[in-house]
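Q: Encoded as structure tokens, here's the structure I'll be asking about.
The values are calculated or read from the model by the stated rules, or taken from the named source; none is laboratory data. If you're wondering where the values come from, they're calculated on a predicted model, not measured in any experiment. Ideal geometry is used to build each Cβ from the backbone, glycine not excepted, and the neighbour counts take in all protein chains shown. Please note that ligands, DNA and RNA were not included when accessible areas were found on the heavy atoms of the full protein model with its side chains. Shrake-Rupley method; radii C 1.70, N 1.55, O 1.52, S 1.80 Å.
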Amino acid sequence: MLASLKKKETYTRYFKSFKFAFYCMTHPLDGYWDLTHEKRGSLAVANTILILTLVARITSLQFTSFIFNQVYWPEVNIFLYLGSIVFPLALWVVGNWALTTLFDGKARLPQIYMATCYAMLPYPLFQFPLIIFSNVVTVNEAEFYSMINVIVLVFCAIYIVVAMMQIHEYTMSKTILFTAFSIFAMLVIVFILLLFFSMISQGIAYFVSIVREILFRI
């Protein structure tokens, strides 16, 4: 009985947190403040929004009209398309956390991830209707589809900035400044990763050549 009640409470909290994500869209200042400070957010909901975003990405690739999305499937790597969302998200969360921790940022790493995912909700929310819309518009009406797509991405970016401002308790100017620094930090992380994997690959190639030389001499 106790386990059943706890499970019910978990589901109730989950659905309340998911409903709260829509509140954040209509009341971003209050919503993203309450997300962490009032603990109304949920990592489970953040993961759900991320999964919905990935599904929307793949669904868009599959079902968007050929007018807007010409895909040659034998050359498509689904993991790269998924990585084009997950990898930048991971870089953003780590880069933003690393910088804001040094400059009085209030949010922890999971909170930055959670707030960013909540801010991404407009993408899957509008992407599915846009897929249908893309299949009914003509070439002459293509600009409307492209414009709506851009507007959705702009709103996601705005929501992310507002979310960072509220969870870190920064001013808008400081938030914009650290958003730019976070993007730069993402580039630095990519450079370090490329350098690291390059060194690893060269080291492996060196040891493989040594082993081959030994085997050849034996």
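Q: Given a 1.4 angstrom probe, what's the average accessible area per residue across the chain, in square angstrom? Write down the numbers at each step before the final one.
A: Details: 13980 Å² over 218 residues.
Per-residue value: 64 Å².
Q: Give the calculated FRET efficiency between Phe196 and Asp104 to the nearest 0.05, with a Förster radius of 41 Å applied to their Cβ-Cβ distance.
A: On the way: r = 30 Å, r/R0 = 0.73.
FRET efficiency, Phe196 to Asp104: 0.85.
Q: Can you list the aspartates and glutamates whose alpha carbon is less than 16 Å from that of Lys174, not counting same-chain residues fewer than 8 positions off?
A: Straight-distance partners of Lys174: Asp104.
Q: Next question. With each label point set 7 Å from Cα along the Cα-Cβ vector, what nm distance links Val139 and Ile183?
A: 3.4
Q: Rounded, prolate or oblate: which fits the stretch 8-73 when a ≥ b ≥ c are the square roots of the eigenvalues of the alpha-carbon gyration tensor, with rounded for a/c under 1.5 and prolate only if a/b beats b/c? Spell out each step's value before the answer.
A: Numbers: a/c = 3.80, a/b = 2.22, b/c = 1.71.
Note, shape of the stretch 8-73 comes out prolate.
Q: Right, another one. Taking square-rooted eigenvalues a ≥ b ≥ c of the alpha carbon gyration tensor, is the stretch 141-202 rounded, prolate or oblate, where a/c under 1.5 means rounded and, failing that, a/b exceeding b/c means prolate?
A: Here the stretch 141-202 falls in the oblate category.
Q: Please identify the chymotrypsin sites (Phe, Trp or Tyr not before Pro) of the stretch 86-123 that satisfy two criteria: DSSP loop assignment and at most 15 other Cβ atoms within 10 Å. Which are they? Could the numbers behind the result be given before it?
A: Details: sites: Trp92, Trp97, Phe103, Tyr113, Tyr118; in loops: Phe103.
Passing sites in the stretch 86-123 are Phe103.
Q: Let me ask you something else. Please label the shape of the stretch 64-218 as rounded, prolate or oblate, based on the square roots a ≥ b ≥ c of the eigenvalues of the alpha-carbon gyration tensor (a/c under 1.5 means rounded; beyond that, a/b larger than b/c means prolate, else oblate). Show your work: numbers first, answer last.
A: Details: a/c = 3.39, a/b = 1.28, b/c = 2.66.
In terms of gyration-tensor shape, oblate.
Q: Which listed residue (Leu187, Val152, Thr175) has the Cα farthest towards the positive end of the charge dipole for the stretch 106-218, taking +1 on Lys and Arg C-beta and -1 on Asp and Glu C-beta about the Cα centre?
A: It is Leu187.
Q: Using the Cβ atoms and a cut-off under 12 Å, what net charge is assigned to the surroundings of Trp97, where Lys and Arg are +1 and Asp and Glu are -1? Intermediate values should be presented prior to the final figure.
A: Numbers: positive: Lys106, Arg108; negative: none.
The answer is +2.
Q: Below 17 Å, Cα to Cα, which lysines can Lys16 reach? Residues fewer than 8 away in the same chain don't count.
A: Lys6, Lys7, Lys8, Lys39
Q: Of the heavy-atom accessible surface of the stretch 104-215 (probe 1.4 angstrom), what whole percent is carbon and sulfur? Please list the in-between numbers first.
A: Numbers: 5290 of 6810 Å².
Of all accessible area on the stretch 104-215, carbon and sulfur atoms account for 78 percent.
Q: Roughly what would the spin-label model give for Ile58 and Lys19, points 7 Å off Cα along C-beta, in nm?
A: 3.0
Q: Taking a label point 7 Å from the Cα of Arg212 along the Cα→Cβ vector, which residues of the stretch 162-201 have an amide N closer than 17 Å to it?
A: Taking a point 7 Å out along Cα→Cβ of Arg212, the residues of the stretch 162-201 whose backbone N falls under 17 Å are 201.
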